[in-house]
Amino acid sequence: MIHRDDCTDLDAHDPLAHLRERFALPAGVVYLDGNSLGALPSHVSARLHTAVTEEWGRDLIRSWNVNGWADLPYRVGDRLARLIGAPAGSVVCCDSTSVNLFKVVSAALASTDRTVILSDVGNFPTDLYVMSSLAEVRIVESENVIDHITSDVGVVALTHVGFGTGRMHDMAAITQAAHAAGALMVWDLAHSAGAMELDLGDADFAVGCGYKYLNGGPGAPAFVYVRPDRISGFRNPITGWFGHAAPFDFDLSFVPAEGIARARVGTPHVLSLVALDSALDVFDEVDMAEVRKKSVSLTSLFIDLVQQADLGLRLVSPLDPARRGSQVCFAHPDGYSIIQALIERGVIGDFRAPDILRFGFAPLYVSHTDVFDAVRILVDVVSSEVFRDARYSTKNAVT
Ligand SMILES: *Cc1c(COP(=O)(O)O)cnc(C)c1O
C-alpha cells in the first residue's frame, strides 16, 4: 500500500522539485497533459511582453538585427540540440512538425532508389498522412518493426514514443537495423524531447515538437535535425527564401544555403520563437538523465496506484519502464466521460479515440504528491460512477 506520506517523501528527495515554482500552474489543478500542451513558465509572459512592446512596437523592423530575431531559429535550434543529443549546428527551429517531417522524408527519399516508407500503427496520424503524399507507406505492428525492414524499404520513419500508448521504441537498435538493411532512419521526437535524455546516434534525420514537453506555448515552432554529414546533400523539397544561401540578394534562382539553414522555408514565427526560447531557460543546467529518472518514477507510481485501486482500467502502456515514455494510457469504454469528470475536478488529462485515457507526466512540474492526489480523484470518479452523468459525454471539438 502506497500512502501520501511516501509521495511527500519522494518529493523531498527530488532534485528537480524546485523547478515547479518556475511554472504558472493554477492552484487546485494537477496538470497531466504537458505531453499535449506544456505548462507556461512564469517568466515567459514578461519576455513576450517585451518582445511585443519594445522589439516589435518600438524597434520595429530593426529588431531583425538589433534584437536578434534573425538568429532565433539557430539559437533555439542549438539549445534544442543539447536536449536531444545532437551537435550544435545540426538543428534548426522552424515550421510545424508535420511540415518538417515532409521535408526530411522527402529529402530521404531523394537520396535512395527505394520507394517504400516503413512506419507503424502507433505513429501519429499526421505523420502517416504527410508521408502518404510522398510514397507508399507500409504500416506494420509496433512490435518487431525491425523484422519488416525489407530490401524495398528506403526510409524507416517512426515516432519514438507513441502518442496513444506511450510505448517507446529502441532508437539505437532500430536505427542500426535500418542502416544494416540499407534504409535511412527518421525519428519523430514529439513525445520525447524535453522528457528524457536522448541520443540520436547515427539517425539520419529527426523532427520534433516545441509545444509539448518543451513548453514553447500553443503552436510553438517545431524543429528539424539533419545528421551533420548529410547537411550538404540535404534536398529541401520546399525551396523558400530562408533556405537560400543569400536570401537578401533576391536572386531569381534558388541556391541552397550551406548549413542547416537549408532546412528552412520562410519567415520565422518570431513571437512563438521568443516564447519557446524563453521557456527553454527552465532546462538550463537541468540534467536530462535526472528528468528521465523522475519521469520513470512518476509513471511507475501512477501505474502502481491505479492498479492497486483495481478500477477496471486496462493498462495500455508498457509495464516495463524501459519501454515506456513519459505518459501512461489506460483503456476504458467510458474513457471520454471519465476524463471530462476528472477535468471538472482539476485533474487534467486527455482522451484519445476510441477509448484511451491519457496522462502525461512532465517531470519539471509534476510531483509524486500530484500523482497521488490525481489517483485519489480518479478512484472517486470511477468507483462512484459519477462519470455516467450525461453532462460528461458532450463532445468538444478538441479532446
Ligand atoms: C504532436 C505531434 C505532431 C504535431 O504536428 P503539428 O504539425 O504540430 O500539428 C506530429 N507528430 C507527432 C508524433 C506528434 O506527437
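The values are calculated or read from the model by the stated rules, or taken from the named source; none is laboratory data. Everything quoted here is computed from the prediction, not taken from an experiment. Backbone-built Cβ (ideal geometry, glycine too); neighbour counts: all protein chains shown.
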Quiz item: How many of the residues making up the stretch 79-133 are among the polar types (S, T, N, Q), farther than 14 Å from V265 by Cα, within 12 Å of the ligand (Cβ to nearest atom) and part of a loop (DSSP other than H, G, I, E, B)?
Solution: 1
Quiz item: Going through the stretch 317-342 one residue at a time, which ones are crowded, with 22+ Cβ neighbours inside 10 Å and either out of contact with any Phe, Trp or Tyr (no Cβ under 7 Å at 6 or more places or on another chain) or basic (K, R) (or both)?
Solution: S317, R324, G325, C329, F330, L342
Quiz item: Which residues, counting only those in the stretch 26-44, are small (G, A, S) and touching a residue at least 40 places away in the same chain (Cβ under 8 Å)?
Solution: G28, G34, S36, G38, A39
Quiz prompt | Boolean, L72 is part of a helix (DSSP H, G or I) and over 18 Å from A257 (Cβ atoms) | solution = no
Quiz item: Quick one: A157 ticks every box in (1) crowded, with 18+ Cβ neighbours inside 10 Å; (2) within 16 Å of the ligand (Cβ to nearest atom); (3) assigned to a helix (DSSP H, G or I) bar one, so which box is it?
Solution: (3)
Self-check item: Meets criteria (within 16 Å of the ligand (Cβ to nearest atom), within 26 Å of P125 (Cα to Cα) and part of a loop (DSSP other than H, G, I, E, B)) for V265
Solution: yes
Practice problem: Return a yes/no flag: does the stretch 15-23 have any residue that is more than 17 Å from F223 (Cβ to Cβ), of a type in the set (K, R), assigned to a helix (DSSP H, G or I) and in contact with a strand residue (DSSP E or B) (Cβ under 7 Å, 6 or more places away or on another chain). | Solution: yes
Exercise. Quick one: count up the residues across the stretch 137-152 that are free of Cβ contacts under 8 Å to residues at least 24 places away in the same chain, surrounded by 12 or more Cβ atoms within 10 Å (Cβ to Cβ) and more than 16 Å from the ligand (Cβ to nearest atom).
Key: 2
Quiz item: Residues V274, V255: which one is among the β-branched types (V, I, T) and farther than 23 Å from S192 by Cα?
Solution: V255
Quiz item: Of the numbered conditions (1) within 24 Å of D113 (Cβ to Cβ); (2) not in a helix (DSSP H, G or I), P218 satisfies every one except a single condition; which is it?
Solution: (1)
Quiz item: Does M185 count as farther than 22 Å from T126 by Cα, aliphatic (A, V, I, L, M), within 16 Å of the ligand (Cβ to nearest atom) and crowded, with 24+ Cβ neighbours inside 10 Å?
Solution: no
Quiz item: So which residues in the stretch 60-70 are exposed (fewer than 15 other Cβ atoms within 10 Å of the Cβ) and not small (G, A, S), if there are any at all?
Solution: L60, I61, R62, N65, V66
Quiz item: Just to be sure, is S295 modelled with pLDDT of 95 or more, within 21 Å of L19 (Cβ to Cβ) and touching a helix residue (DSSP H, G or I) at 6+ places or on another chain (Cβ under 6 Å)?
Solution: no
Quiz item: Is it fair to say R358 is over 18 Å from the mean Cα position of the chain (by Cα), closer than 15 Å to V30 by Cα, among the basic types (K, R) and modelled with pLDDT of 95 or more?
Solution: no
Quiz item: So which of R314, R292, R345 ends up being within 14 Å of V29 (Cα to Cα), surrounded by fewer than 20 Cβ atoms within 10 Å (Cβ to Cβ) and not polar (S, T, N, Q)?
Solution: R345
Quiz item: Among the residues of the stretch 13-25, which ones are free of Cβ contacts under 8 Å to residues at least 24 places away in the same chain, surrounded by 10 or more Cβ atoms within 10 Å (Cβ to Cβ) and out of contact with any Pro (no Cβ under 8 Å at 6 or more places or on another chain)?
Solution: E21
